[in-house]
Structures are given as structure tokens and as C-alpha cells.
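The values are calculated or read from the model by the stated rules, or taken from the named source; none is laboratory data. Remember, predicted model here, so these are calculated numbers, not experimental data. Don't worry about glycine lacking a Cβ; one is built from the backbone with ideal geometry, like all the others, and counts go over all protein chains shown. Protein only, heavy atoms only, side chains kept; ligands, DNA and RNA dropped before computing areas. Shrake-Rupley method; radii C 1.70, N 1.55, O 1.52, S 1.80 Å.
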Amino acid sequence: MIEIKKSALTNNYRFLKSLMGNDVIVCAVVKGNAYGHGVGQVLPALQSVGVTHFAVFSSTEAQHCHPFIRQGVSLMVMGFIEPAHMRWIIEHEIEFYVYTPSVLSSAIAMAKILNKKACIHLDLETGMNRTGLTEDELGTCIPVIKENRDWIVIKGITTHFAGAESIANYVRVMNQFDRFKEKVEMLSHDDIHGELLHVASSAAAVIYPQTRLNMVRVGVMLYGYWPTREIWIQYARAMKNHSNPLQRSIVWKSEVMLVKDLEEGEFVGYGLGYQAPQNMRIMIVPVGYVDGYSRSLSNNGHVLVNGQRADVIGSINMNMVICNISDHASVEQGDEVILIGAQGDNEITFSSFAEMNNAMNYEILARLPDHVLRMSIP
Ligand SMILES: *Cc1c(COP(=O)(O)O)cnc(C)c1O
């Protein structure tokens, strides 16, 4: 079962809002089912503390979020629009990135059919070489925009940095920012203006204040995680304060299904993945890769039981995982097991680059499947 702590989401949003200042909109990134937390829990919680802008990756994700979005709150697709969804997107006033001229032309065609304006953000290529309009593509789009002012609202102009999470990318990121500003200036000469200018995700929003412009797109920090250890250290040093202002909002728990003893030399689970180096006590937990507990944690992950760490031994099975509890005082069937979250003085955490001690990659977070029961708690 997954518990989502509303108080933590509230805390994180208020912290980010105070750090960014009143003039900067904090757009909540809820792609990947709100980083695995569940849009059904996260969207209501964030709207009740005042979030007015949300972003997802695709039109499919937008369709999942839409039932939870209140009147007057905006939803933006930062990536893929299924061609078959263009009608739905424009009918529901979903904002979306124009990352290639064909998205613009199909949006205008549909806007005319529906007699409704398309709400677009111009996604500019500035050096990441992923999505974004190149110089030539922008040249194609400018006259089209000028001729179709009645069918388009330019909600924003945007780009994405290629790794602001690491200070090592400083020069590349700053070059991207310069190129972005030049292009925005150039577009203004064609009388093309975005209501919102937005380029920063969590990392840039924290360490490069000049990139906040009038909106930041924050994902991982809303859920209570620093993008990387580097960003946390840089923030803490600048603030001269080493108490973490973020709170993790997810707890993923299960329970002990079985406890048993093993003799030295026995193998555990499938094949020869793990051999007991001495007499051991183990527990079986009914969570497996079908639940999103990644196979990469075979012989590698750990969980918490009775406030103490227990290492995963052997491979992760489809529905079960085996952990070593030889050093635990007493573990009994039915005891709570924490897969993500805190118990006692210990915690299992995440980071996007997973270089932190005791941290899992947030790919695992994003992959927590829909079928795992989620509950909002205050
Ligand atoms: C995922 C994403 C973000 C949010 O990134 P975080 O590091 O989680 O804050 C912002 N913008 C775009 C385009 C993204 O894809």
C-alpha cells in the first residue's frame, strides 16, 4: 500500500513558493502519474494549497489528469500529442508545446474546425537537441503564427536544460539560457510574445535564480526529493542551514509474510543467486517486480522492518522478495515492512541520479504501477 502525505506536499509547495517569490508561478510537474505518487491523490492536494498550473508529458497523461483538474486551473502537455487527441486537447483548452511545425499546423487546422483557439507554448531548441524548434523550424512557424492569430494563443515560450542537476554542466546550461533569451528577443521583433517564459525545472530553479523568469516547472522537489546531492549541498551552503526543508510525501509499505531459518550453504530463491554464508534468518515480503519493485534491486536493495535495515537477498521475484533479518532482534509475521519511507531512525529515499547513499533511482518511483493501492493521509 502507498500512503501519500498531504501535509508533506503542502509543506514542499509552500517552501518552493517562498523560495521562488511571489512573481514566479510554480507549475507542478505531474508526469509519470505524479512521479508514481498517483494523480488522484496529488492533484486534489496541490490544488487545495493553491497550485494553479500543472504539467504532464503527453496528451494521454493529460486525459488521466483532466478529471481531477478544477475550473480555471491550467494543464500543459510538455511533449507528445497523439494526433488523435488534438481535438480533445483543443476542446478542453489544454495547453501544449509546439515542438515541430507539424504540431502547429495540425493545431490550427483543428482550431478552425472547432472554432476555438489553440493554447500553445513555443518549445525552442537551445542546445539539448531533444525536442524544440530549431532555427529553421522557427522560421517556418513565424509566418504561420502571424497569419493565424485568430486561432492561436501563445501561452508561453520555453526550453529545457540539459542537466542543470550537475554543476559540471554549468557552461552548457548558461549557453542554453543565453540562446533562449536571444530567441525570445528575436521573436518579439515579429510581435510574437509568450505570456509565460519558463525554462527552469527543480535544479535550475534552486541554484540559478535568474532562470526563474515568470514560471518554473517543478517536479521532484514537490514530492520531497532534491534533484541531486549537489543541488542540496549548494542550497544548504548558500542558506547556511543544513536542516532539510523538504518532506517526503510517499510511504510504500507491505508486511512480513513469513519468517524462516536457513542453514549455512543453502541457496535462497531461484537458481544460485544467493548462498547463505552462515546460518541465517530470512523473511519473505509479498512485493515483487509486478508491483514496481525493480529487479535491479536483486541482491542489492533494502527495506526497513522494526526500524532496522534488512538487505534484499537473491533475485526479486514477480510477487515476492526475500530479505536477510539475521541481525534483527525479533521479526514476526505481520510486522510492517517499509519499501520507501521512514521507520524509526532509518529511511529509504530516492534521488534522480541515485548517487546518494541509501537512495534508489527515481525511475523506480515513476514506475510504481496503478494497481498498488494508494491512500491520501493528512
Ligand atoms: C520532468 C520535467 C520537469 C521537472 O523536472 P524536475 O527535475 O523533476 O523538477 C520540468 N520540465 C520538463 C520539460 C520535464 O520533462
Residue (of Tyr35, Gly163, Ala111) at the positive-pole extreme of the chain, dipole from beta-carbon charges: Ala111
Carbon plus sulfur fraction of accessible area for segment 121-274, probe 1.4 Å, in percent: 49 percent
Share of Cα-Cα pairs in segment 2-239 beyond 22 Å, in percent? 52 percent
Charges at C-beta only: +1 for Lys and Arg, -1 for Asp and Glu. How large is the resulting dipole of the chain about its Cα centre, in Debye rounded to 20? 940 debye
If you average the C-alpha positions of segment 187-249 and of segment 87-142 separately, how far apart do those two centres end up, in angstrom? 25 Å
Using a ≥ b ≥ c from the Cα gyration tensor of segment 250-377 (square roots of the eigenvalues), is it rounded, prolate or oblate, where a/c under 1.5 gives rounded and otherwise the larger of a/b and b/c decides, a/b for prolate? prolate
At a threshold of 8 angstrom on Cα-Cα distance, excluding pairs fewer than six apart, so keeping six or more, what relative contact order does the chain reach in percent? 18 percent
To the nearest 20 debye, what charge dipole does segment 1-88 have about its Cα centre, counting +1 at the Cβ of each Lys and Arg and -1 at the Cβ of each Asp and Glu? 200 debye
Charge dipole of segment 250-377 built from unit charges on the beta carbon (Lys, Arg +1; Asp, Glu -1), centred at mean Cα; most positive-end Cα among Ile340, Gly269, Cys323 is Ile340
Between Asp191 and Glu332, what length in nm is gained on full extension when 0.36 nm per residue of separation is reduced by their alpha carbon distance? 43.8 nm
Length gained, Asp178-Gln210, 0.36 nm per residue minus C-alpha separation, equals 10.4 nm
Reachable aspartates and glutamates from Lys117, criterion Cα separation under 19 angstrom, eight or more residues apart if same chain: Glu82, Glu91, Glu93, Glu95, Glu147, Asp150, Asp191, Glu195
Using eta = 1.306 mPa s and T = 10 °C, Stokes-Einstein with Kirkwood Rh from Cα pairs puts D for segment 265-313, in µm² s⁻¹, at 132 µm²/s
Treating the angle as unsigned and between 0 and 90°, give the value, to the nearest 10°, between the Cα long axis of helix 6-20 and the longest Cα principal axis of the chain. 50 degrees
Per the helix-only calculation at 222 nm, which mean residue ellipticity applies to the chain, given -39500 (n - 2.57) for every DSSP H run of n ≥ 4 and division by its residues, nearest 500 deg cm²/dmol? -8500 deg cm²/dmol
What angle do you read, to the nearest 10 degrees and between 0 and 90, between the alpha-carbon axis of helix 229-239 and the longest principal axis of the chain? 70 degrees
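Per residue, how much accessible surface does the chain expose to a 1.4 Å probe? Answer in Å², no decimals.
Values: 16870 Å² over 378 residues.
Value returned for the chain: 45 Å² of accessible area per residue.
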Select from Gly79, Ile69, Val153 the residue farthest towards the positive end of the dipole of segment 2-239; place +1 on Cβ of Lys and Arg, -1 on Cβ of Asp and Glu, and compute about the Cα centre. Ile69
Taking the Cα atoms only, what angle lies between the long axis of helix 135-147 and the longest principal axis of the chain, rounded to 10 degrees? 60 degrees
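Within the set of other residues whose C-beta is less than 13 Å from the C-beta of Leu43, count the net charge using Lys and Arg as +1 and Asp and Glu as -1.
+3
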Neighbourhood charge, 14 Å Cβ-Cβ cut-off, centred on Met280 and excluding it, Lys, Arg +1 and Asp, Glu -1: -4
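Report the Rg/Rh value for segment 1-114, based on alpha-carbon coordinates and the Kirkwood definition of Rh.
On the way: Rg = 15.2 Å, Rh = 15.0 Å.
Rg/Rh: 1.01.
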Pairs beyond 21 Å (Cα-Cα), from Lys155/Lys183; Lys155/Lys181; Lys5/Lys240; Lys116/Lys146; Lys5/Lys253; Lys6/Lys253: Lys5/Lys240
